[in-house]
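Here's the structure we're looking at; comments come further down.
The values are calculated or read from the model by the stated rules, or taken from the named source; none is laboratory data. Predicted model, so just to flag it, every value in this text is computed and none were measured. Ideal geometry is used to build each Cβ from the backbone, glycine not excepted, and the neighbour counts take in all protein chains shown. The area values use the complete protein model at the heavy-atom level, side chains included, leaving out ligands, DNA and RNA. Shrake-Rupley method; radii C 1.70, N 1.55, O 1.52, S 1.80 Å.
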Amino acid sequence: MAPPEVFSLSQQTPVTCHAFNADRTQVAVSLNSNEVLIYAREGNDWRVIDTLTEHDKPVTSIDWAPRSNRIVTSAQDRNAYVWQQSPDPQTGHMVWKPTLVLLRINRAATYVRWSPNEDKFAVASGARAIAICSFDPEGDWWVSRLLKKPIRSTVLSVDWHPNNVLLAAGSADMKARVFSAYIKDVDKKPAPSVWGEKLPFNTICGEYASPSGGWVHGVAFSPSGDVLAFASHDSSVTIVYPGGPAVYTIKMSILPLVTLTWTTEESVIAAGHDCQPLVFSGNQGGWELVGSLDDPQSNKSSGGARSGFAGASPVGRLNSAAFNTFRNAAERGISNVPGSPTASSSTESELFTVHQNTITSVRPYDGVPGNITRVSTSGVDGKLVVWDVSAVTPIGATGLAGKLGKMQLR
């Protein structure tokens, strides 16, 4: 099993979001600012080669279209821009130039994704609406139509169905929904699917509540588009089979997951505040958590061997002077004064995972839809990590697995 490739893009600044180009030689990231940095790979390192500066508030989401090579960005300034490379008339060098998007929203844009055909994109927002944007050649800009009803709060994530028409959305009103984003002049009439046959714009094809009333942070269609997965703030992952109909919920007592992606029709990788990518597997017969892409027992770059899932210190626990001092005082009555000869020599908090803080996004890196072989993650710790999907560390009967609730069928 190949170890993960770990790149530290920033020592102190979170990576809010990331998106790779088609051949994975470049990556666009936002380091929690109003700029988008374009990195190019040089051997085992990344170097900044360009900076996109048009937003005046922090960038919230980035997506890079693989075939048309266009980048779309959204930000808290209520704007989105489509960036395309064109030669500079003075120097002849290729530069990124923005095109205006008429979003018509009065709150922050929170998330953006290109459609599979790359002829439109969806922008989620805090305005209780989703802007479906398509290009207007007459005005030379991107215009939008808004999906509004029945959204009651901020939309946190979206994902496109392979048919280029249906759109899944998760929002802070504790619901995951499937909408029709059919635009007459852009889309061909979609074929009937498990989500419905007649699909005019803003048709609600499905609405699913978070099991215990948590914000729906991440949504994703399966490669076939016949299954929907979403992660909620109540530390659950829900798999929906509308054709069944069946809904499987995996409840956990770990920290919430905020992002997820499908690797095959029967496998989902999700990550979030627990700082590690978790692997879920199943089918219409049932779903379960099978392991983690992180191996806590391997040597990390910052230290030696780590305790396993079954050890006294499960994944996610801090290995720090403050934590050990408190534990010794609470459990053994031992008082360690910082700076004393008996105090721990460790000065920094360190997790038993590759990522040292919340994972903000997980995205396919290598493979084709339905057979993804590697995924990439970015996190608040400033790291960009590429994981081998086949390198799954099984979860034993204790440790993290001991925190998991049973799968429930509704």
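Taking a threshold of 29 Å on the Cα-Cα distance, which of the pairs 57/184; 57/251; 149/184; 184/251; 188/251 fall above it? The answer is 57/184; 57/251; 184/251; 188/251. One decimal place: the segment residue 104-residue 49 gains 16.6 nm when fully extended, by the rule 0.36 nm per residue minus the C-alpha distance. For segment 88-165, averaging the sequence separation of C-alpha pairs within contact (under 8 Å, six or more residues apart) and dividing by the residue count gives a relative contact order of 30 percent. Put simply, the amide H of residue 171, placed in the peptide plane, has neighbours under 5 Å in 156, 216, leaving out anything fewer than 5 places away on its chain. Between residue 24 and residue 194, the modelled label-to-label distance comes to 2.9 nm, taking each label 7 Å out from Cα in the direction of the beta carbon. Test of understanding: extend the Cα→C-beta vector of residue 118 to 7 Å, then name every residue of segment 39-62 with backbone N under 17 Å from that spot. Output list for this probe position: 62. The residues of segment 1-158 expose, per residue, 48 Å² of accessible area to a 1.4 Å probe. When only Cα pairs below 8 angstrom with a gap of at least 6 residues are kept, segment 208-252 shows a relative contact order of 29 percent. For the set 395, 62, the ranking by accessible area, highest first and with no ligand, DNA or RNA atoms included, is 395, 62 under a 1.4 Å probe. What shape does segment 133-285 take by its C-alpha gyration tensor, where a ≥ b ≥ c are the square roots of the eigenvalues and a/c under 1.5 counts as rounded, a/b above b/c as prolate, and the rest as oblate? Prolate shape, in that a/c is at least 1.5 and a/b is the bigger ratio.
For segment 284-295, the Karplus equation 6.51 cos²θ - 1.76 cosθ + 1.60, evaluated at θ = phi - 60°, returns couplings of 5, x, x, 10, 8, 7, 9, x, 10, 6, 7, 10 Hz by residue, with Gly and Pro reported as x. Sorting 93, 273, 55, 233 on solvent-accessible area from highest to lowest, probe radius 1.4 Å, gives 93, 233, 273, 55. Computed from the Cβ-Cβ distance with R0 of 41 Å, the FRET efficiency linking residue 390 to residue 253 stands at 0.90. Packing here is the average count of other Cβ atoms within 10 Å per residue, and on that basis the peptides 356-363, 146-153, highest first, run 356-363, 146-153. Between residue 366 and residue 88, what FRET efficiency follows from the Cβ-Cβ distance if R0 is 35 Å, with the result rounded to 0.05? Once rounded, the FRET efficiency stands at 0.60.
Annotation: per residue accessible area for segment 167-281 equals 34 Å², rounded to a whole number [probe 1.4 Å, protein chains only]. Against the criterion of solvent-accessible heavy-atom surface with a 1.4 angstrom probe, 198, 57 sort, most first, into 198, 57.
Would you calculate the separation in nanometres between label points at residue 284 and residue 298, each defined as 7 Å from the Cα along the Cα-to-beta-carbon direction? So the two model labels end up 3.7 nm from each other.
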